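The values are calculated or read from the model by the stated rules, or taken from the named source; none is laboratory data. Small disclaimer: the values here were computed from a predicted structure and weren't measured. Don't worry about glycine lacking a Cβ; one is built from the backbone with ideal geometry, like all the others, and counts go over all protein chains shown.
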Amino acid sequence: MNIVNSDVVPMDPREEIVTHLPSLRAYARGLTGNVSAADDLVQETVLKAWTKFAQFHAGTNLRAWLFTIMRNTFLSARRKGAKEVADSEGTFAAKLASKPDHDGRLALQELMVAMNQLPIEQREALILVGALGFSIDEAAETCGCAPGTIKSRVNRGRHALAEMLHLNSEEQIMSTDSAVSTVMAGTPTGL
Amino acid sequence: MSSKPTRRAGEVSPEVAKQIDENLKHLYMKDASEEIPASLMQLLDALRAKDAAAKPGEK
């Protein structure tokens, strides 16, 4: 399945790729749970994409195409045991903890730790749909599965996060004394 | 907004889902958007330079 948008004049993917670097980095951080491993993964993805641009069809969704390359690269390395998969106490969490400028930052660390406890399938579905705003169809294309599977993974992931962060019911969001309540209650100031 | 849709077992409320998503955006996008590492931009420059050195269409 390829999502093709015929209404948009396609850019050269070699130029357009730059616009996707922030979200590629975000996805890589979600997959690896580690800042330096994430940037290595982005570099690998860019290199692989560059060698495959000859196979890229104009009008194809470049973002989903790039994310699929990243996903396959990560999963391949993971299968070989060449990379650390999740690092709940790792450098990304440490980076968050190193900036204790407000409660929201600390709460984000809790969220990060909780995310890293999720199965990779749920974590990536939540990052794609929840954090990066992919449509269900686009996330399904990226992950090579059915849209219903993505929906299910997103739902299960959100449910697990809500359990871990004690956010099971709407009433609890505002009443929990965890620092998470601050950030879950709205956008932290100063961000 | 006044009527509450029924939720399946295991589903969080739309409010909780929205707040989780908003915080996931903060968690993953803020730092990732801050600055692209110089090494990555250098890699792109090198790849473009390599392409430019090759004849167009030659692959």
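B:Ser13 passes every criterion in (1) farther than 28 Å from A:Arg123 by Cα; (2) at pLDDT 85 or above; (3) small (Gly, Ala, Ser) apart from (1).
Considering the conditions (1) more than 10 Å from chain B (Cβ to nearest Cβ); (2) polar (S, T, N, Q); (3) in contact with a Ser or Thr (Cβ under 9 Å, 6 or more places away or on another chain), A:Ser23 is excluded by exactly one of them, (1). Entry remark, the range A:38-68: residues being more than 13 Å from every other protein chain (Cβ to nearest Cβ), over 14 Å from the mean Cα position of the chain (by Cα) and at pLDDT 90 or above number 3 in total.
Does at least one position in the range A:133-152 carry a residue that is assigned to a loop (DSSP other than H, G, I, E, B) and modelled with pLDDT under 60? No - not one qualifying residue is present in the range A:133-152.
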